[in-house]
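This report refers to the structure that appears directly beneath it.
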Amino acid sequence: MKKLDLPWLEKDKPTNVAVYRKTKKSNTYYMIVTNMHVDVLNNLRATKPIIDHKYEIVELGIGIGFIEEWSKKYKIKNPKVLAK
């Protein structure tokens, strides 16, 4: 996996990581790395959600260590980085 540029690390903001898949039977996993609060990622009442409501969230965590661990576990090569 390539080295990620996370601009919020200089400001001491926490890193939130979410792994999801688009259908329950899918073997393809996707990852979002962001500094947005976990409640914003997991909000069911949002009209424009970060992760679409029909997608299944598999893992949700706070910390940089999850990026490397879950990239290997779910074979994710290019995580999507979102900054607020």
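The values are calculated or read from the model by the stated rules, or taken from the named source; none is laboratory data. Small disclaimer: the values here were computed from a predicted structure and weren't measured. All Cβ positions, even for glycine, are placed from backbone atoms using ideal geometry, and neighbour counts span all protein chains on display.
Among the residues of the range 73-84, those that are in a loop (DSSP other than H, G, I, E, B), on the phi < 0 side of the Ramachandran plot and either of a type in the set (S, T, N, Q) or loosely packed, with under 15 Cβ neighbours inside 10 Å (or both) comprise Lys77, Asn78, Ala83, Lys84. Of everything in the range 10-57 that is in a helix (DSSP H, G or I) and acidic (Asp, Glu), the residue that is farthest from the chain's Cα centre (by Cα) is Glu10. Among the residues that make up the range 9-30, is at least one of them in contact with a Lys or Arg (Cβ under 6 Å, 6 or more places away or on another chain) and hydrophobic (A, V, I, L, M, F, W, C)? No, because not a single residue in the range 9-30 is in contact with a Lys or Arg (Cβ under 6 Å, 6 or more places away or on another chain) and hydrophobic (A, V, I, L, M, F, W, C).
Checked against (1) exposed (fewer than 14 other Cβ atoms within 10 Å of the Cβ); (2) free of Cβ contacts under 8 Å to residues at least 60 places away in the same chain, Trp70 passes all but a single condition, namely (1). Listed by first and then second residue, the pairs with beta-carbon distance under 9 Å, at least 6 apart or on different chains, first residue in the range 1-16 and under 20 Å from Val38 (Cα atoms), second assigned to a loop (DSSP other than H, G, I, E, B) and at pLDDT below 85, are Trp8/Lys84; Lys13/Lys84. Can you pull out the residues in the range 9-33 that are surrounded by fewer than 16 Cβ atoms within 10 Å (Cβ to Cβ) and either on the phi > 0 side of the Ramachandran plot or of a type in the set (A, V, I, L, M, F, W, C) (or both)? Leu9, Asp12 - these are the residues of the range 9-33 that are surrounded by fewer than 16 Cβ atoms within 10 Å (Cβ to Cβ) and either on the phi > 0 side of the Ramachandran plot or of a type in the set (A, V, I, L, M, F, W, C) (or both). Going residue by residue through the range 46-62, is there one that turns out to be of a type in the set (A, V, I, L, M, F, W, C), touching a strand residue (DSSP E or B) at 6+ places or on another chain (Cβ under 8 Å) and surrounded by fewer than 14 Cβ atoms within 10 Å (Cβ to Cβ)? So far as the range 46-62 goes, yes, one or more of its residues are of a type in the set (A, V, I, L, M, F, W, C), touching a strand residue (DSSP E or B) at 6+ places or on another chain (Cβ under 8 Å) and surrounded by fewer than 14 Cβ atoms within 10 Å (Cβ to Cβ).
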